[in-house]
């Protein structure tokens with residue numbers, strides 16, 4: 001059987017000497033991720049690499065690993081860490097996008113751990129974190145809004161290794177759906193097959209010297225996804241070759257929140273108890289969400305009505321903490337919002353949560 005094209009390219013660009021070096025230099029990364037275990041994922045579809053092996057072996061910026069190592073260190077100091085690690089088995093949860101999910105859980109744990117006078121612990125089952133303060137308890141379930149954005153990010157990273165002038169694009173705030181689950185591997189193989197021929201990209205780069213963007217092939221049946229070569233001369237840019245539009249931002253935001261809440265409110269035993277729970281959502285992977293949220297804030301500052309209908313939390317979730325938190329950051333007043341039911345115990349933890357709640361109220365403008 002012919003090897004998938006993306007497997008060949010991953011093997012070409014993933015530097016295992018870098019992986020070994022960084023595992024040896026970053027204590028807590030090395031404790032959590034065993035070299036042999038993550039190497040075993042090199043034969044597993046659809047990505048043919050462990051999420052951290054790819055980053056350890058291809059990323060150049062050491063600051064990201066310093067930050068991740070510190071998050072692992074601090075997370076390991078919280079009660080029930082051993083139970084958490086069992087649930088995050090590197091061999092079972094190896095897919096590229098799972099990095100963002102695990103990272104977000106660590107970021108949220110650090111955020112709450114830095115608040116004076118409260119205790120934070122990993123749970124034995126159900127939601128990810130348990131928060132205790134002044135005799136009051138509530139739980140936090142973490143969720144990363146992934147959808148097709150994780151696959152898009154993997155494609156973009158691998159294409160950048162092929163040549164830094166290759167770009168990806170989709171029209172924001174309209175339907176964007178790449179093949180997932182059992183269909184992902186064939187899609188990635190079909191997409192990357194042309195790049196196994198060296199003359200293919202060389203020819204496209206030469207075309208981009210004359211005029212750009214130069215559109216690159218997309219597997220048949222894929223809508224709202226574009227790959228192109230960017231030229232170096234701005235005077236050679238040809239407008240109109242790429243879409244320059246957006247869908248309705250207010251409706252898009254409403255759909256994002258509904259999908260995020262619906263994805264978690266009946267999962268992970270959230271409905272098994274009457275305990276107070278918050279859903280912490282990270283929209284980092286969705287540049288669509290970030291653009292729409294920025295527009296929403298601008299409209300609010302101008303006092304222009306742009307109401308977002310927030311979905312019903314039901315009886316499972318008592319509020320949401322949402323953010324577009326970067327991979328080298330933690331939630332903060334600058335990048336986060338809070339929307340909770342009245343008298344939620346989170347509001348008594350620290351004044352920052354009242355400020356975050358005020359931001360959330362303005363965001364939804366209800």
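Between residue 20 and residue 34, the contour length at 0.36 nm per residue exceeds the alpha carbon distance by 4.1 nm.
Among beta bridges from DSSP that stay inside the chain, the antiparallel ones total about 65%. GNM on the chain, alpha-carbon springs under 10 angstrom: the most fluctuating residue among 257, 200, 145 is 200. In a GNM of the chain with a 10 Å cut-off on Cα contacts, which of 90, 213, 198 has the highest mean-square fluctuation? Looking only at 90, 213, 198, the largest GNM fluctuation is found for 198. Each helix, a run of at least 4 DSSP H residues, gives -39500 (n - 2.57); summed and divided by the residues of the chain, these come to -13000 deg cm²/dmol at 222 nm. Taking the chain as a Gaussian network of alpha-carbon nodes connected by springs under 10 Å, the highest mean-square fluctuation of the residues 258, 186, 236 belongs to 236. Counting Cα-Cα pairs of the stretch 72-148 in 5 Å increments starting at 0 gives whole-percent bin shares of 3, 15, 26, 27, 17, 8, 4, 2, 0. The order of 118, 140, going from fewest to most other C-beta atoms within 10 Å of their C-beta, is 118, 140. Place a label point 7 angstrom from the Cα of residue 183 along the Cα-to-Cβ direction, then list the residues of the stretch 225-267 whose backbone nitrogen is under 18 Å away. Counting backbone N atoms under 18 Å from the label point, the list is 225-226.
Among DSSP beta bridges lying fully in the stretch 133-285, give the percent that are antiparallel, nearest 5.
55 percent
Note on residue 11/residue 222: beta-carbon distance plugged into 1/(1 + (r/R0)^6) with R0 of 41 Å gives a FRET efficiency of 0.95. Summary of the geometry: the stretch 234-261 and the stretch 64-80, compared by the centres of their Cα atoms, lie 35 Å apart.
Its relative contact order, with pairs defined as Cα atoms under 8 Å and 6+ residues apart, puts the chain at 16 percent.
Among 6, 344, 163, the order by Cβ neighbours within 10 angstrom, fewest to most, reads 163, 344, 6.
Just so you know, all these numbers are worked out from the coordinates, no wet-lab data involved. Bear in mind the structure is a predicted one, so any value in this text is a computation, not a measurement. No Cβ is skipped: glycine too gets one built from the backbone with ideal geometry, and neighbour counts run over all protein chains shown.
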